Amino acid sequence: MQTDTQAVLSWRIEDIDLSRIDRSCAAINEDLLLLLCAASFIESGSDLYTSNLSTFFDGDQEVFGWLNQHWEHEELQHGRALKAYINYVWPEFDWNLAFERFFDEYSKTCSIEGLEKTRALEMVARCVVETGTATLYRAINEFSDELVLREITNNICTDEVRHYKYFFRFFKKYNQIEDNSRFTVLGALIRRMKEIKNEDSEIALRHVLSVRYSPKACNSTYMQEKAARVNGLVRTHMSADMFVKMLLKPLNLPSKIQRGVHHSLIKITQHVFFR
Ligand SMILES: [Fe+2]
Ligand SMILES: [Fe+2]
């Protein structure tokens, strides 16, 4: 593993003066902080994913090199940046304890067996994940009133869009060999979308909530209400238009068809994915 991260990161959380955070402005939006904390857990588990992907793409020096020298460091920095922000606003919150519990459960779901069957389709799955994160951080950047959070999420969003572009390029490289049909690519898109919605974020948020509201952790109605509020925040602010545009690219639809299905897909996405 490369240790000199300064050489590969386009920005550094250490260069952002966290004392500029408007704590009262940030603390007022508890649901947003819960969402940021859940996101920080998934980002901080990226080294496990890098390891799985590196095994899956063994022999491809271009992909292996980019994953290990750039992608992993950038994703881990996203986790560190969000953790630092949470720690500043919620000094009493035991991030390490909640993350430990999260990772114990999450790591069991994150195996090589869970990757797609082929390299091109795994790249489609990675595009879905980067689409989700890019859209999420763009939304937070646009609706947050706190300037330091806006700066951090702008940096992260830029990274996520660049990640998407790399994974999309790698998808095209492998799909030239595999020649998957649009139907097959669509299947990979849908499978990964379901996982994002149902698994990763649910596990992360559950562990955030159980530590943040530990006295009420056994009250399932209370916890479900809290989770619903956070998910509502995502649904209200994420751009379905940006999400669909990025998702459609691997399908390489003729522009006429793309224009025809775009609006319908936005509606379907809003109802199904951002439900
Ligand atoms: Fe990230
Ligand atoms: Fe990313």
Keeping to the stretch 47-71, report how many residues are open to solvent by less than 10 Å² (accessible area, probe 1.4 Å) and either among the charged types (D, E, K, R) or closer than 21 Å to Ser10 by Cα (or both). 4
Right, Phe274: outside any helix (DSSP H, G or I), under 15 Å from the mean Cα position of the chain (by Cα) and modelled with pLDDT under 90 or not? yes
Would it be correct to say that Glu151 is acidic (Asp, Glu) and in contact with a helix residue (DSSP H, G or I) (Cβ under 6 Å, 6 or more places away or on another chain)? no
Residue check, Arg229 surrounded by 15 or more Cβ atoms within 10 Å (Cβ to Cβ), in a helix (DSSP H, G or I), basic (Lys, Arg) and touching a helix residue (DSSP H, G or I) at 6+ places or on another chain (Cβ under 9 Å): no
Say whether the condition of being surrounded by 22 or more Cβ atoms within 10 Å (Cβ to Cβ) and more than 20 Å from Asp241 (Cβ to Cβ) is met by at least one residue in the stretch 175-188. yes
Lone qualifier among Thr109, Thr184 - being of a type in the set (S, T, N, Q), in contact (Cβ under 8 Å) with a residue 12 or more places away in the chain and over 28 Å from Ser214 (Cβ atoms): Thr184
Would it be correct to say that Phe170 is away from ligand 1 (no atom under 16 Å from the Cβ), on the phi < 0 side of the Ramachandran plot, part of a helix (DSSP H, G or I) and not small (Gly, Ala, Ser)? yes
Residues in the stretch 152-159: is at least one over 22 Å from Gly65 (Cα atoms) and either among the aromatic types (Phe, Trp, Tyr) or open to solvent by 30 Å² or more (accessible area, probe 1.4 Å) (or both)? yes
Hits in the stretch 75-109 (condition: within 30 Å of Ile177 (Cα to Cα) and crowded, with 18+ Cβ neighbours inside 10 Å): Glu75
Given the criteria at pLDDT 95 or above and either on the phi > 0 side of the Ramachandran plot or not aromatic (Phe, Trp, Tyr) (or both), does Leu67 qualify? yes
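The values are calculated or read from the model by the stated rules, or taken from the named source; none is laboratory data. Keep in mind that this is a model prediction, so the values were computed, not measured. With ideal geometry, Cβ positions are generated from the backbone for all residues, glycine too; neighbour counts draw on all protein chains shown. Protein only, heavy atoms only, side chains kept; ligands, DNA and RNA dropped before computing areas. Shrake-Rupley method; radii C 1.70, N 1.55, O 1.52, S 1.80 Å.
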